[in-house]
Structures are given as C-alpha cells and as structure tokens.
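Every read-out reported here was derived from the displayed coordinates using simple, explicitly stated rules and does not represent laboratory data. Keep in mind it's a predicted model, so treat the numbers as computed, not measured. Don't worry about glycine lacking a Cβ; one is built from the backbone with ideal geometry, like all the others, and counts go over all protein chains shown.
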Amino acid sequence: MTKHIVRFILNGRAVKIEVEPRTTLLRTLREIGVISVKRGCEEGECGTCTVLVDNSPQKSCMILAMEVEGRSVTTSEGLIFPDGELHPIQQAFIDEGAIQCGYCTPGMVMATYALLMRSPDPTEEEVRNALAGNLCRCTGYVSIFRAVKKASAMMKKLPQGAGDR
Amino acid sequence: MLAFELERPKTLEAALGILADNPGKAVPKSGGTDLIIWMKKRTIHPKILVDLALIKDLSNITISENGRLSVGTNVTLNRLEDYLDEREVLPALIDACRSHSDFTLRNKATMVGNVTAAVPSGDMIPALCCYDAEVETASLEGTRHISVLDFILGPKKNALDPGEIATRINIPLPEVAGTGCYLKSTRRSALDLAQASVACVMLCRTGVTEYRLSCGAVSPIPVRVFEAEKMLRGKSNLTPSLIEHSAELAVEAVNPITDVRSSREYRLQMIRELTKRALALCQKRIQEVA
Ligand SMILES: Cc1cc2nc3c(=O)[nH]c(=O)nc-3n(C[C@H](O)[C@H](O)[C@H](O)COP(=O)(O)OP(=O)(O)OC[C@H]3O[C@@H](n4cnc5c(N)ncnc54)[C@H](O)[C@@H]3O)c2cc1C
Ligand code: FES
Ligand code: FES
C-alpha cells in the first residue's frame, strides 16, 4: 500500500514521518523510538498507550497516525523538564511506590496529567473516573491514587504554568 | 490490520462522491473506535476508509429556534456530555454518555457512530429512543430523516443505503419539566458493554405526567416499552405496585439472547430490576428538582 507523509508536533518538536494508512499512532511512535508509549491490548481496553493529542487524552492504539496530521502529540517523554528533571507527576509516582512493573505507568502519568490540567485539585471520584480506562495488574491502584493526590499538591507549589507542557 | 487507503475529505459533497464512486469498497468513519477493532479482527476489510473528521459542518452541536438539538457525527461523547450538562438538558443521555467505555475513549467515540454501529448493547440507543431522536442522513440523492427506533434493523444492520451516511442525530428537546436516567448492568464499572440496560424519561405536562421506557442489549432491535408507558400515563405518584407492574411489562417486551456477557435468564432478571430502579430514580430526581 502507498505510504503517506504525516507531519505533527511531537513533544514540542515538528516531525515528518512516512506511514501506511493502517499504521496506528501507537506503532508509529514506537517505531521512531518513543517507547514510553506501551503496546498493551491494542484494542482500547488497557490505557497503557495513552498520549495527549492537542491536550486531550487519547488511546494511541485507537488512532491512525494520519489522523494526527497538523496536531500536537505529547507523551511521557515530553513531560520531562529541559534540564532532565522529572515532572512532578512522574516524581510523585516514584515517591508513592505507584510503580511496580511499570508497564501501565506512562499511560497512567499521561491520564493524570490531562486530569490535573482540567481539574488541579481533583476529588477521589474524579481521579477514579479519569483513570478508569487505565489498567494496572500490579499495584492495586491505591498507591496510584495517592501519587495523583501528591502530584496535585506538588504542582500547586510550582510557579504558574511551570508544570504545563 | 489489512491494508487500506484513507481519505480525509473536507466537505460532505466530497465524502459522498468518494462513497458513490467506490460502491462496496468505501466505508465511512467517525471516531473509528468500532471500526479499528473490526478491521483488526478482520470482520470487515474496506479498501477505502472515508474519515469524516475534517468535515466542519458535521462537527458541531446546535439548538434550533424550535428547540431541536442537533449533533453532528464528529461530536465526541465527552463534548456532548459537557454540552448537555452545562445546559441541564436530556439527563438520560448524559447518564448514557457517562456509562460508555471510559473517559479517555469518550474523547474519540461518537454518538452517531454508536447508532450507525447498530450493536444491540450500544449505550446511546435506549436514551435516544426515549427522546424520540432521529438520524439525519445524506447521499447524492438527498437527505432523509429516520427515527432511531426504525434506523436499527438488527445486530450491525442499519437503514442506510449504499453511499448514504448519517450526518447528524436530531433530538426534540422536551418543552416541559422532567427528568430521566440510564442504568446499565455490567461485569465491571468501566470499559464494559451492557448485559442489560434501561433508559427512563419522565415528562411533567400540566396535569399529566408521561413516561418513556426503553431497554438495551436485550433485543436485536431497539425496544420502547409502550405498554408500560400507557399504563403509567398520568400517574405522578409511582406506587410500588405500579413499579412492579411496569417491570413485568418491560420483561414481556424484550427477547434477550445468551452470550459471553450473560445468560438470557440473567438479562430478564436485570431488566426487571433495572426498570424498577430507573422508575424509582426518576421519582427521586424529580423531587430533587421540584
Ligand atoms: C475499549 C472499547 C470500549 C467500548 N465501550 C463501549 C461501551 O461501553 N458502550 C458502547 O455502546 N460501545 C462501546 N464501544 C464501542 C464503540 O466505542 C462505540 O460504539 C462508539 O460509540 C462508536 O463510535 P465511533 O465514532 O468510534 O464509530 P466508528 O468506529 O467510526 O463507526 C462505527 C460504525 O458506524 C459506521 N459509521 C460511522 N460513522 C458513520 C456515519 N456518519 N454514517 C454512516 N456510517 C457511519 C462505520 O462504518 C462503522 O460501521 C467500545 C469500544 C472499545 C474499543
Ligand atoms: S494498547 Fe491501547 S488501550 Fe491497550
Ligand atoms: S505497575 Fe505493573 S501494570 Fe501497573
């Protein structure tokens, strides 16, 4: 099948990639080395492939690469500060022991980031609702919910907008 | 996934042209959350996928002067939920949005796609039936308006002709006060299709309270429980015996199958239970707004 050029902004940088129409955003990202985005079920069920497209959380296995033409895609790599320091959400997951095997973590982090952007101080119910599509086989979720709370507190201490990507 | 070509037309006319030029080969796509799964499983293999996402005219929600809500095919469930929630209209449809998949997938999945997919467990269908919603379609021959009740002909079968697409779903906003809800029985609380579901709408016309009841995942085509609606008409106080009788009529109106999600017997029990809970919840909600 013919290949097509797709152009989009990846973690703040313009990229241009050749893809087949059937290639999902998930596979495209992994092919170019963005491997925080994990391949889990590839059926929209597990959430480990979650990325932001124009600030809205999306399961990248449910999007064709060509659909992000001209749009902005953010992954967990893109949350890291330019000096290499981890984003407060990533740090909070480490601090709270919310990572065991780590397979779900990048997706959890991105879903959390999207949540805290729209609701900086979420209730327990909001957290559960926002992460309902992200499965974790290891932690039992309690430490993850704790990490979200902690990240929310940490981000409030940052200068206005410093945690935004 | 088998290879295909992707077309992303910017106008409805262009989309209809591609579909007309490629009969049996081109398939329209809204969110793609059903399509991508079906294509991966190879239950369908279109040669051309016609992505409607860039057609601006199909991406908005409007309310006309005569109170008709109109939702374009590209409107995601999260956008629809926010819109309805802000205006406090169509509560059963708000519940239905929230019951669908999970928050992240609802940034992609659409209401129109849910109806055109015509899967019996489609979560948007029962509430749309209660609100007398219609599907607006377009083809090179012109436009049609088909009620959601008549649009779904059976599992994965809809009333669209080849080359015809669903452009919008239109819903007359009730002019009277009322309430509604959608209840869904599932094995887990997110990301699960319904085993059975019930939408209930209560409309308080002066002097006469009206009810609408519809069941999901328990019949090949959408079901309105007209017998119960007739019996409940004018009853503003729902007594336990009225509720019990309605549940009985709902069970009589459906014909579920046994599948991986549950047995026919369990589904019948759930329809009985969900109907009772839905009527009770409407009664409770109407008292809260009053
Ligand atoms: C992980 C996961 C969880 C899910 N959970 C639920 C759930 O809880 N409840 C539920 O009801 N569904 C669920 N689904 C199924 C699916 O997400 C929904 O049916 C969704 O609403 C479909 O909308 P869409 O825009 O993605 O449709 P699409 O995939 O774009 O289309 C669905 C079908 O309709 C056709 N179509 C699309 N748009 C048009 C149009 N404008 N005109 C004519 N034909 C058209 C397509 O060709 C296709 O046959 C789930 C799916 C996944 C992957
Ligand atoms: S890999 Fe995308 S949701 Fe599981
Ligand atoms: S830490 Fe292993 S899946 Fe979540």
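If you take each beta carbon of peptide B:97-105 and count the beta carbons of other chains within 10 angstrom, what is the mean?
Taking the mean over all residues of the peptide, I get 6.
Rounded to the nearest Å, what's the spacing between the alpha carbon centres of segment A:63-103 and segment B:231-269? Just the number, please.
Centre-to-centre (Cα) distance: 47 Å.
Are there DSSP H segments in chain B that both extend 18 Å or more along their axis (alpha-carbon positions) and score a mean Kyte-Doolittle hydropathy of at least 0.0? List them, or say none.
Length and hydropathy pass: B:240-253.
Report the far tail of the P(r) of segment A:1-88, meaning the percent of Cα-Cα pairs longer than 18 Å.
Percentage above 18 Å: 40.
Past the 34 angstrom mark, what percentage of all C-alpha to C-alpha distances in the protein assembly as shown do you count?
The share of Cα pairs beyond 34 Å in the protein assembly as shown comes to 37 percent.
Give me the tail of P(r) for segment B:59-172 as a percent: Cα-Cα pairs with distance above 19 Å.
Counting every Cα pair in segment B:59-172, those more than 19 Å apart make up 40 percent.
Counting Lys and Arg as +1 and Asp and Glu as -1, what is the net charge of the other residues whose Cβ lies under 15 Å from the Cβ of B:GLU7?
Result for the neighbourhood of B:GLU7: -1.
Taking B:LYS235 as the anchor, which lysines have their alpha carbon closer than 29 Å to its alpha carbon, excluding any fewer than eight residues away along the same chain?
By straight Cα distance, B:LYS235 reaches B:LYS184, B:LYS276, B:LYS284.
Based on the Cα gyration tensor of segment B:5-50, what are the three equivalent ellipsoid semi-axes, each the root of five times an eigenvalue, rounded to whole Å and given largest first?
19, 12, 7
For B:LEU203, A:LEU52, B:LEU173, what's the fewest-to-most ordering of other Cβ within 10 Å of each Cβ?
Going from sparsest to densest Cβ surroundings: B:LEU173, B:LEU203, A:LEU52.
Enumerate the amide H contacts of B:ARG224 below 5 Å, restricted to partners 5 or more residues apart or on another chain; note that Pro and chain-start residues carry no placed amide H.
The answer is none.
For segment A:15-52 and segment B:39-79, what is the separation of their C-alpha centers, rounded to whole Å?
23 Å
Number of Lys pairs in chain A with C-alpha atoms less than 30 angstrom apart, excluding same-chain neighbours closer than eight positions?
Qualifying lysine pairs in chain A: 14.
Provide the per-residue ³J(HN,Hα) series for segment B:213-226, in order, calculated from phi with Karplus coefficients 6.51, -1.76, 1.60 and θ = phi - 60°, each as a whole number of Hz, with x at glycine and proline positions.
These are the phi-based 3J(HN,Hα) values: 10, 9, 10, x, 6, 10, 6, x, 10, x, 10, 9, 8, 4 Hz.
Calculate the radius of gyration of the Cα atoms of segment A:39-165 to one decimal place, then report Dmax, the largest Cα-Cα distance, as a whole number, both in Å.
For segment A:39-165, the Cα radius of gyration and maximum Cα-Cα distance read 13.8, 39 Å.
GNM on chain B, C-alpha springs below 10 Å: top fluctuator among B:LYS156, B:LYS40, B:LYS276?
Among B:LYS156, B:LYS40, B:LYS276, the largest mean-square fluctuation in the Gaussian network model of chain B belongs to B:LYS40.
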